[in-house]
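Engineer: Following this message is one structure expressed as structure tokens.
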Amino acid sequence: MNSKNILFSIALCLTTCSIIEAQDTKVIAHRGFWNTPDAAQNSIASLVKADSINCYGSEFDVWLTSDKKLVVNHDPSYQGVKMETSTFKACTSLLLNNGEHLPSLQEYVDKAKKLKTNLILELKAHSTPEQESEAVKQIISMIKKAGLEKRTQYISFSINAVKEFIRQSPKGTPVFYLEANLTPKELKDMGCAGPDYHISAFYKHPEWIKECHELGLKVNVWTVNDKKDMRWLIDQKVDFITTNEPIELMKILKAKTD
Ligand code: MG
């Protein structure tokens, strides 16, 4: 190879590397891609639509019902029905805004098997640690049976749930903590894959992003809908951005590589 070709190869490599680096931040649709016609937050449609626009992942929220079954919903209650103290039948009989019934986790998982997007599964903080341990046990078993272990990440505000996911899941399963009250070192010591913190935590502690990467942790940030925030986080090289505006985020990521 003559010197001209070597220089060209180096230039090509640098360009390719910079594209890979710029594309590193991955897009996670918060409660699925729901901000679009015929979808609703945490609906099966929002999972399918997140997949259809090639989101890296689709986030959703899980509760254990009074008869120990798993359903997908964000708030503790929906239409006056409290998830933790109501039966599976009472919860899944409710209708979402797009006409679907409130999904069971099994329905979510069955649909995900036919898709490519990763599952970002949030277990909500329950009233007792026993409920959370039972939920974690069932979730891990369901994900394993579905063959989705390599496509699932777990997140929770409950430190107990995070510890249970780490304890019960196969070694190396990514588990992220949502409550921004632990430092990167504390997360690492706990066995977490990293923080999944509100953006305000990283404006307060921008040094945490670099510290996480030096410790081998990944950084996820929620819920980032403002373009200025998206640009700042991409420049900080965070690994994942969780957003209600996945298409806007994709446009910004694409513009950075063009
Ligand atoms: Mg959530």
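Engineer: For segment 80-140, what class follows from the C-alpha gyration tensor (a ≥ b ≥ c being the square roots of its eigenvalues): rounded when a/c is under 1.5, otherwise prolate if a/b is larger than b/c, else oblate?
Structural biologist: Judged from the Cα gyration tensor, segment 80-140 comes out oblate (a/c at least 1.5, b/c at or above a/b).
Engineer: For the pairs 144/228; 113/185; 69/150; 116/185; 116/256; 114/256, note any where the Cα-Cα span goes beyond 27 Å.
Structural biologist: 144/228; 113/185; 116/185; 114/256
Engineer: What are the extents of the Cα atoms of segment 109-246 along their three principal axes, in Å, largest first?
Structural biologist: Per principal axis, max minus min of the Cα coordinates gives 40, 33, 28 Å.
Engineer: Gain in length, residue 258 to residue 89, computed as 0.36 nm per residue apart minus the alpha-carbon separation, to one decimal in nm?
Structural biologist: 55.8 nm
Engineer: State in Å² the accessible area per residue of the chain; use a 1.4 Å probe, count heavy atoms of protein chains only, and round to the nearest integer. Don't jump to the answer; show the numbers that get you there.
Structural biologist: Values: 12640 Å² over 258 residues.
In whole numbers, the chain has 49 Å² accessible per residue.
Engineer: With each pseudo-label sitting 7 Å past Cα toward Cβ, what's the residue 237-residue 111 distance in nm, one decimal?
Structural biologist: Rounded to a tenth, the inter-label distance reads 3.7 nm.
Engineer: Relative to the first principal axis of the alpha-carbon coordinates of the chain, what is the inclination of helix 129-145, with its axis defined by its Cα atoms, in degrees from 0 to 90 and to the nearest 10?
Structural biologist: So the inclination is approximately 60 degrees.
Engineer: Further question on the same structure: Return one quarter of the surface area of the convex hull spanned by the alpha-carbon atoms of segment 3-257, equal to its mean projected area, in nm².
Structural biologist: 15.2
Engineer: Report the net charge of residues surrounding residue 167, where surrounding means a beta-carbon distance below 12 angstrom and charges are Lys +1, Arg +1, Asp -1, Glu -1.
Structural biologist: Combined, the nearby Lys, Arg, Asp and Glu give +1.
Engineer: Next question, about the same structure. Pick out which of 190, 230, 83 has the largest mean-square fluctuation in a Gaussian network model of the chain, springs linking Cα atoms closer than 10 Å.
Structural biologist: In the Gaussian network model the winner is 190.
Engineer: Computed on alpha carbon atoms, what radius of gyration and Dmax characterise segment 41-123, expressed in Å?
Structural biologist: In order Rg, Dmax, the Cα atoms of segment 41-123 give 12.3, 36 Å.
Engineer: Also, quick follow-up: How tilted is helix 246-257 with respect to the longest principal axis of the chain? Cα atoms for both, answer in degrees (0 to 90, nearest 10).
Structural biologist: Orientation of helix 246-257: about 10 degrees from the principal axis.
Engineer: Moving to a separate point now. Return the long-range amide H neighbours of residue 244 (sequence gap of 5 or more, or a different chain), with a cut-off of under 5 Å between placed amide H atoms.
Structural biologist: 30, 224
Engineer: Using only Cα atoms, tell me the angle between helix 159-168 and the longest principal axis of the chain; keep it within 0 to 90° and round to the nearest 10.
Structural biologist: 80
The values are calculated or read from the model by the stated rules, or taken from the named source; none is laboratory data. Predicted model only: the values in this text are computed from it and were never measured. Positions of Cβ are generated from backbone atoms using ideal geometry, with glycine treated the same way; all protein chains shown enter the neighbour counts. Ligands, DNA and RNA are stripped out before the accessible areas are found, and what is left, the full protein with its side chains, is counted by its heavy atoms. Shrake-Rupley method; radii C 1.70, N 1.55, O 1.52, S 1.80 Å.
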